[in-house]
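Shown next, in structure tokens, is the structure this report addresses.
What follows is calculated from the coordinates using simple rules that are stated; it is not laboratory data. Please read these numbers as outputs of a predicted model, since none were measured by experiment. We place every Cβ from the backbone using ideal geometry, glycine too, and count neighbours over all the protein chains shown.
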Amino acid sequence: MAAEPVIKVRGLVNRFGRQVVHDGLDLDVLRGEVIGVVGGSGTGKSVLLRTIIGLNRPAAGSIEVLGRDALHAGEAEAKELRTHWGVLFQEGALFSSLTVAENVQVPMKEHAEQISPKLRDELARLKINLVGLAPDAGRKFPSELSGGMKKRAGLARALALDPEILFLDEPTAGLDPIGAADFDSLIRNLQQSLGLTVFMVTHDLDSLHAICDRIAVLIDRKIIVGTLQDHLANPHPWVQAYFRGPRARVALGA
């Protein structure tokens, strides 16, 4: 039996002034998959992510998340829907004035006010451990963390409410190859152990090869979705240049 879509995008149009970024884009994200979103500069990878989670209002189209209309939900329904996903923004986007533990507790305070401070502390420790950070990391401020630690702290915050869907925006950007590979492994392990659906914007060919079930290529203002092998067989010049270019050789085992 085929997996059900947990995200359904139909006829999406995003424009900024006269610039049309997406023009009639359709996309299904299936439950339990890791889908990587790639594309050239200006194709709107992060715009697509931000539109799905409600940070950007499209000019046209529809978006369903977990069977609900994400574009026309009322304030209370939209707030409740946001508890079903977590987001890791580029560079972690941590609040600099808060410790790691306090950062992890931000979604709990916003969406789960009934949780006691003691339980919030315990849950924060659990999430920090889950992403592979040392126990003392919870007491540190973002300025005391390395780039890789910031991303893990941001991931812990994204997992604070036990979401069904995890959105990642360039999760391995700025990491050295070993750190990027470790982060890829962490994402795949979390996806499998927690049953997550992962929507990952990336440019990292190694990540696409290592953990993505399908790849969505933004091109010509629309999107082409398939496996890595599907894209390798696609004759489109940009797709061939991306997946068969010099930087692709190591990732593809060439």
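Brief remarks follow.
- Across the range 28-166, C-alpha contacts under 8 Å between residues 6 or more apart give a mean separation that, scaled by the residue count, equals a relative contact order of 28 percent.
- For Glu170, the residues 5 or more places off, or on other chains, whose built amide H falls under 5 Å of its own are Val201, Thr202.
- Given R0 = 22 Å, the distance between the Cβ atoms of Ile178 and Ser143 translates into a calculated FRET efficiency of 0.40.
- Listed values for the range 224-240 are Karplus-derived 3J(HN,Hα) couplings in whole Hz (6.51 cos²θ - 1.76 cosθ + 1.60, θ = phi - 60°), namely 10, 10, x, 7, 4, 5, 4, 6, 5, 8, 7, x, 4, x, 5, 4, 5, and x replaces Gly and Pro.
- Three semi-axes describe the equivalent ellipsoid of the range 31-72; taken as square roots of 5 times the Cα gyration tensor eigenvalues and ordered largest first, they are 19, 16, 7 Å.
- GNM remark for the chain: springs join alpha carbons under 10 Å apart, and the peak mean-square fluctuation among Pro163, Pro235, Pro171 falls on Pro235.
- Applied to the range 79-92, the Karplus parametrisation 6.51 cos²θ - 1.76 cosθ + 1.60 on θ = phi - 60° returns per-residue 3J(HN,Hα) values of 5, 5, 4, 5, 6, 8, 9, x, 10, 10, 7, 4, 6, x Hz, with x for Gly and Pro.
- Computing Rg/Rh (Cα atoms, Kirkwood Rh) for the structure here picks out one of (1) 0.97; (2) 1.07; (3) 0.94, namely (1).
- Ordering Trp238, Ile63, Gly147 by the projection of their Cα atoms onto the charge dipole of the chain, which places +1 on the Cβ of Lys and Arg and -1 on the Cβ of Asp and Glu, puts Trp238 at the extreme positive end.
- Protection proxy ranking of 223-231, 151-159, by the mean of other Cβ atoms within 10 Å over each peptide's residues and highest first, is 151-159, 223-231.
- When DSSP beta bridges are restricted to pairs lying wholly in the chain, around 55% turn out antiparallel.
- Whole-Hz ³J(HN,Hα) from phi, Karplus 6.51 cos²θ - 1.76 cosθ + 1.60, for the range 48-63, glycine and proline x: 4, 4, 5, 5, 4, 8, x, 8, 9, 9, x, 6, 7, x, 9, 9
- The chain: most fluctuating residue of Leu232, Leu168, Leu119 per GNM, C-alpha cutoff 10 Å: Leu119
- Three principal axis extents describe the C-alpha atoms of the range 1-115; from largest down they are 41, 36, 29 Å.
- The chain: relative contact order in percent, alpha carbon pairs under 8 Å with at least 6 residues between: 25 percent
- FRET efficiency estimate (nearest 0.05) - Cβ-Cβ, Gln19 to His111, R0 25 angstrom: 0.10
- Under 5 Å from the amide H of Val225 lie the amide H atoms of Val217, each residue being 5 or more positions distant or on a separate chain, with H modelled from the backbone and absent for Pro and chain starts.
- Contact order normalised by residue count of the range 114-254, Cα under 8 Å, 6+ apart, percent: 16 percent
- Violating pairs (Cα-Cα greater than 23 angstrom) within the set Lys8/Lys150; Lys109/Lys151; Lys118/Lys140; Lys79/Lys109; Lys8/Lys79; Lys109/Lys150: Lys8/Lys150
- Around the amide H of Ala60, modelled in the peptide plane, lie the amide H atoms of Val13, all under 5 Å away and 5 or more residues distant in sequence or on another chain.
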